[in-house]
Amino acid sequence: MAPIQPRPALPGPRDRAATQARLVAAAGNVLARDGFAALGVNRIAVEAGCDKVLIYRYFGGWKGCCAPSAKAPTSGPRSRNWRAAIRPV
């Protein structure tokens, strides 16, 4: 597992919808790339480039943040990674 590298904060005005979209995308990316064991608020927040408090504020925790990703498209490379990451052991 690669060490967590913080991303620089995004400049500009605050945009709740854009931040929520970044968090959901980050959760899907972490899950697809690193697997379920690596999934957590710290890793998602770093991947999205925002504070982990926003995950709790917008979604109630990492599980709520991942729920929209479960409704991701069922075709394409990202969907294949998603299914591979959640298959039973």
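When you look at Ala32, is it part of a helix (DSSP H, G or I) and modelled with pLDDT of 90 or more, yes or no?
It is false that Ala32 is part of a helix (DSSP H, G or I) and modelled with pLDDT of 90 or more.
Is there any pair with a first residue in the stretch 17-31 that is surrounded by 22 or more Cβ atoms within 10 Å (Cβ to Cβ) and a second that is basic (Lys, Arg) and modelled with pLDDT of 90 or more whose Cβ atoms are under 7 Å apart and which are 6 or more apart or on different chains, and what are they?
Sorted first by the residue in the stretch 17-31, then by its partner, the pairs are Val30/Arg43.
How about the stretch 1-23: which of its residues are at pLDDT 75 or above and either among the charged types (D, E, K, R) or touching a Leu at 6+ places or on another chain (Cβ under 9 Å) (or both)?
Arg14, Asp15, Arg16, Ala18, Thr19, Gln20, Arg22, Leu23
Considering only residues of the stretch 20-57 that are β-branched (Val, Ile, Thr) and within 11 Å of the chain's Cα centre (by Cα), which is farthest from Ala67 (Cα to Cα)?
So, considering only residues that are β-branched (Val, Ile, Thr) and within 11 Å of the chain's Cα centre (by Cα), the one farthest from Ala67 (Cα to Cα) is Val46.
The values are calculated or read from the model by the stated rules, or taken from the named source; none is laboratory data. Here the structure is a predicted model, which is why all the values come from computation and not from measurement. Positions of Cβ are backbone-derived with ideal geometry, glycine not excepted, and every protein chain shown enters the neighbour counts.
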